[in-house]
Amino acid sequence: MKYIFINPVVANMYAKKELDAVLLQNGYHRMEVLTDWHKVVKEKYDKLRKQTKKTILDKRCPKAMETILPYVHDEKALIPDIHPILIHCGIELANRTEYQGYEKIITTPCQSLADYGNAIGLEDTTFISWKEFLKQLHIENALQVKLLKDSPIPPGYFQGLNAKVTSISGKDDIVNYFKNDCYTQDTFVEMLYCHNGCHNGDGVCIDE
């Protein structure tokens, strides 16, 4: 028996009943998390805000973090030791008793998140971009897909934390922002490498 977790971006691209049927035909039972990691991770950032005067950089997008490293000064900014939300989901599922001993797949909207998750080395757990998963099973054309105009997790994650937040997406905007040291005036900087969100990730775009 094999299990699979469908990330929120991909989940919004398909009719659930149809997607689950195709997955089952290929030997995969769908998993769901029990914890609201979206909320938990946000609380972790808010707690950190009360412990530092440095600008806190959003670590949820590994590709964005990779992009800004040449421009960030440690004395001005803090890169938190907080995993991205999807990684937390994978850790929960890898440690759940009912799934232990079985192969587990965690789908991601981009290759960067897949690489991040696999580097942790969770037992019997593989992170893979949705596009790569479809190719491996040869089911690219087995499902009717709905291309998303907006992300199910849009920019604005830190809204409501009573802090000065800048939200930026797209490589060029991120680079320009950090090259000019604009981040030093913020409490949080939200960063999404893909323009307007993960629905534009390289592991989601099927028809390129």
Both in Å, the radius of gyration and Dmax of the C-alpha trace of the range 1-105 are 17.5, 53
Looking only at lysines whose Cα falls under 21 Å of residue 42's and that sit 8 or more positions away or on another chain, we get 50, 53, 54, 59, 63, 164
Per the charge dipole of the range 117-208 (beta-carbon charges, Lys/Arg positive, Asp/Glu negative, Cα centre), the residue among 160, 189, 120 reaching farthest to the positive end is 160
Mean separation of Cα contacts under 8 Å (at least 6 apart) over the residue count of the range 146-208, i.e. the relative contact order in percent, is 42 percent
The answer for the longest stretch of the chain without any exposed trypsin sites (Lys or Arg not before Pro) (DSSP loop, at most 10 further Cβ atoms within 10 Å) is 54-145
In whole Hz, the Karplus estimates of ³J(HN,Hα) for the range 91-96 (6.51, -1.76, 1.60; θ = phi - 60°; x where Gly or Pro) are 5, 4, 5, 5, 9, 6
Shape descriptors of the chain over alpha-carbon atoms, Rg and Dmax in angstrom, are 17.7, 53
In whole angstrom, the spacing between the Cα centers of the range 70-101 and the range 126-177 equals 17 Å
Whole-number value, in Å³ per residue, for the convex hull of the alpha carbons of the range 33-77 is 69 Å³
In the chain the accessible area split gives carbon plus sulfur, as whole percent at 1.4 Å, a share of 47 percent
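Sequence gap at least 6, Cα distance under 8 Å: using those rules, report the relative contact order of the range 47-165 to the nearest whole percent. Show your work: numbers first, answer last.
Values: 94 pairs, mean separation 21.5, N = 119.
Worked out over the range 47-165, it gives 18 percent.
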FRET efficiency (residue 202, residue 119; Cβ distance; R0 22 Å; to 0.05) is 0.80
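Calculate, for residue 74 and residue 139, the FRET efficiency according to 1/(1 + (r/R0)^6) with r their C-beta to C-beta distance and R0 45 Å; round to the nearest 0.05. Don't skip to the end; give the middle numbers.
On the way: r = 46 Å, r/R0 = 1.01.
Between residue 74 and residue 139 the formula returns 0.50.
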For the range 84-159, dividing by residue count, accessible area per residue (probe 1.4 Å) in Å² works out to 50 Å²
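Counting alpha carbon pairs within less than 8 Å and at least 6 residues apart, what relative contact order, in whole percent, applies to the chain? Working shown, then result.
Working: 324 pairs, mean separation 59.6, N = 208.
It comes to 29 percent, rounded to a whole number.
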Straight-line reach check, residue 146, cutoff 20 Å on alpha carbons, 8 or more apart in-chain or any other chain, hits among lysines -> 16, 17, 131, 135
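How big is the charge dipole of the range 1-94 about its Cα centre, in debye rounded to the nearest 20, if each Lys and Arg gets +1 on its Cβ and each Asp and Glu gets -1 on its Cβ? Mind dumping the intermediate values first?
Numbers: 16 positive and 12 negative charges, 56 e Å.
Once rounded to the nearest 20, the dipole reads 260 debye.
Charges at C-beta only: +1 for Lys and Arg, -1 for Asp and Glu. How large is the resulting dipole of the chain about its Cα centre, in Debye rounded to 20?
Numbers: 25 positive and 28 negative charges, 110 e Å.
Using Cβ point charges on Lys, Arg, Asp and Glu, the chain gives about 520 debye.
The values are calculated or read from the model by the stated rules, or taken from the named source; none is laboratory data. If you're wondering where the values come from, they're calculated on a predicted model, not measured in any experiment. Don't worry about glycine lacking a Cβ; one is built from the backbone with ideal geometry, like all the others, and counts go over all protein chains shown. Protein only, heavy atoms only, side chains kept; ligands, DNA and RNA dropped before computing areas. Shrake-Rupley method; radii C 1.70, N 1.55, O 1.52, S 1.80 Å.
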